[in-house]
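Worksheet: the structure to be examined is printed underneath.
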Amino acid sequence: MDRERCCSAGMCVLTAPEVFDQDEVDGRVMLLLDPVPAERVAEAREAVSFCPSGALRVVES
C-alpha cells in the first residue's frame, strides 16, 4: 500500500469495507486487517483491481 500515491477515491472501502478504511484526516487508504484473512482475500484483490491510482497491491506471503 502506497499512501502517498492514494488519491482518496474510496473504491477500496466501497469494495472491501472490512479490509480497508479511509483516514478521517486526509481521506487516504488504511489497511484494517494485516494479514488479510483467507475469507477476505477475494474482496481485497477486487479492491486492489479497482484502485484508480494504483496505490494498492497484493503481496503474497
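Expressed as a rounded percentage, what relative contact order does the chain have, with Cα pairs under 8 Å and six or more residues apart? Walk me through the numbers on the way to the answer.
Details: 83 pairs, mean separation 25.1, N = 61.
In percent, rounded to a whole number, it is 41.
Compactness ratio for the chain: Cα radius of gyration over 2.2 N^0.38 Å (N = residue count) comes to 0.99.
How much of the accessible area of the chain, in percent, comes from carbon and sulfur atoms when a 1.4 Å probe is used?
Numbers: 2100 of 4130 Å².
Answer for the chain is 51 percent, counting heavy atoms of protein chains only.
Nearest 10 degrees is fine. How inclined is helix 41-50 to the longest principal axis of the chain, computing both from alpha carbons? Taking the Cα atoms of the chain, the angle to 41-50 is about 30 degrees.
Using the Cβ atoms and a cut-off under 13 Å, what net charge is assigned to the surroundings of Arg3, where Lys and Arg are +1 and Asp and Glu are -1?
On the way: positive: Arg5, Arg28, Arg57; negative: Asp2, Glu4, Asp21, Asp23, Asp26.
After counting each charged neighbour, the total is -2.
In the context of the full set of protein chains, residues of the chain present 68 Å² of accessible surface per residue (probe radius 1.4 Å, heavy atoms only).
The values are calculated or read from the model by the stated rules, or taken from the named source; none is laboratory data. All values reported here derive from a predicted model rather than from experimental measurement. As a convention, Cβ positions derive from the backbone with ideal geometry for all residues, glycine included, and neighbour counts pool all protein chains shown. When the accessible area is computed, the model is the full protein with side chains, heavy atoms only, and any ligands, DNA or RNA have been set aside. Shrake-Rupley method; radii C 1.70, N 1.55, O 1.52, S 1.80 Å.
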